[in-house]
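Below is one structure, written out as structure tokens; the observations come after it.
Bear in mind these aren't lab numbers, they're just calculated from the coordinates by the rules spelled out. All values derive from a computational prediction rather than experimental measurement. Note: ideal-geometry Cβ built from the backbone for every residue, glycine included; neighbour counts use all protein chains shown.
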Amino acid sequence: MKKDYDVIIIGAGPAGLCFAKALADEGLSLAIIEKNHMKTLSQPIADGRDLALTRSTQETLKRIGVWDYVPQDEISPLREARVINGSASYFLRFADPHQAEGQAIGAFVSNQNIRQAVWNSLEPYFKNKKVTLITEQEVQSVGTEEKAGSVILKSGQTVTASVVVASDSRFSSSRHSVGIATHKFDFARTCIVARIHHEYPHEEVAYECFNAQMTLAVLPLNQQKSSIVLTLPPHEAEEILALDKDCFSQYITSSFRDRLGEMTLCSKPICYPLIATYATRFIADRFALIGDAAVGMHPVTAHGFNFGVKGAWTLSQLIKKAHCLGLDIGAYSLLQKYERQHRRATLPLFFATNSIVQLYSSRHPLLRSLQSGLLRLGNGLKPVQKLIMKRLMRPMPHHSERV
């Protein structure tokens, strides 16, 4: 059966574009289908989100030729992370025990800069037709058969490929179309993101502060600024969004217990519904999920994009190896290997994150009494900390390594 493409990618978000960039030089015919128009992709606007990138994610972005397109002055190093319960001075500390003095364990980069960097890295491939970009087209349905995957567009056009890869958000319609269900965690919260300037230096430390019914993350950026991620019940979020700049700034300063002195809002607050998802399967015949379509993380770890890059890299390397050997790049056995590897990489941290959020957001008296004690226990359990840091820092395999 003759196919239109080797690989069709649904969704031109950062994970989908990274996946395309990882395969762009392999002699495969690639098509990306995106519902938005070209200007939205080529000139992404600020959406308030800042992404935490582990060292391994940065290394992968270097390998696929994206990292050099990120403005160096827009990369904010992260040296340490602290988890705080309420007004307590005690905190659970996360840092790489093997890092050299002053070495960063990761970095923060805005979602806008990441999107722009990946786009800029791929733009030459769009111009010379090595990668086909189909914009302003919505997917009506996806067909998964033994010989080929097919995508039917709302325009009526049908395109086929050896494998279809969906990266069209945690609310993926493509995932639904092929009958893959998800574990859905609706936290009944609204997430507010904004940038603030503060009186005292953050010393490249990120904070996650849990209070009953409210969580505040303060993520270090350059120039004595931080990105805040505030989660609240929807009605309370509406009240906070209605505050003027001075009142909003005072609210954040008070919520953070003056740890960084006076805080001043320096961007427009933007809100998002807080829903985490985890697909029950990552694959079907001739079909795979990557990015948020596979795993939509709670922002408490700011770790979602790392999983997106990890999945894109894992699947691209399996496809690349099969192509080099003259094998079927959409074979179910290949997709099964991807699913096993990506599930091992994501499942423990996904459910651990959700459990921590639920525990520290609870108003139940018994759970409230356990919260501070668990932070102390966490600091005492060095093997657990090392395991978490190992998962976060785990390097991606090189091209020549077994994937």
Three principal axis lengths of segment 239-315 [C-alpha, angstrom, descending]: 54, 24, 19
Local electrostatic count, T144, Cβ distance below 10 Å [Lys/Arg +1, Asp/Glu -1]: -2
Net charge contributed by nearby residues that have their C-beta within less than 13 Å of A312 (K/R +1, D/E -1): +3
Cross-link partners of K147 among lysines (Cα-Cα below 22 Å; sequence separation of 8 or more within a chain): K2, K3, K320, K321, K337
For D168, distant residues with modelled amide H under 5 Å away: A293
Gained length - S42 relative to I270, 0.36 nm times residue gap less alpha-carbon distance: 79.9 nm
Mean Cα-pair separation over length for segment 138-207, i.e. relative contact order, pairs under 8 Å, 6 or more apart, %: 20 percent
Extension reserve of the R93-A242 stretch, reckoned as 0.36 nm per residue once the Cα distance is removed: 50.2 nm
Amide hydrogen neighbours beyond the local backbone of Q140, cut-off 5 Å, H modeled: I152, L153, K154
Phi to ³J(HN,Hα) by Karplus 6.51 cos²θ - 1.76 cosθ + 1.60 over segment 60-70, Hz, x for Gly, Pro: 5, 4, 5, 4, 8, x, 9, 4, 5, 8, 7
Relative contact order %, segment 184-318, counting alpha carbon pairs below 8 Å whose residues are six or more apart: 27 percent
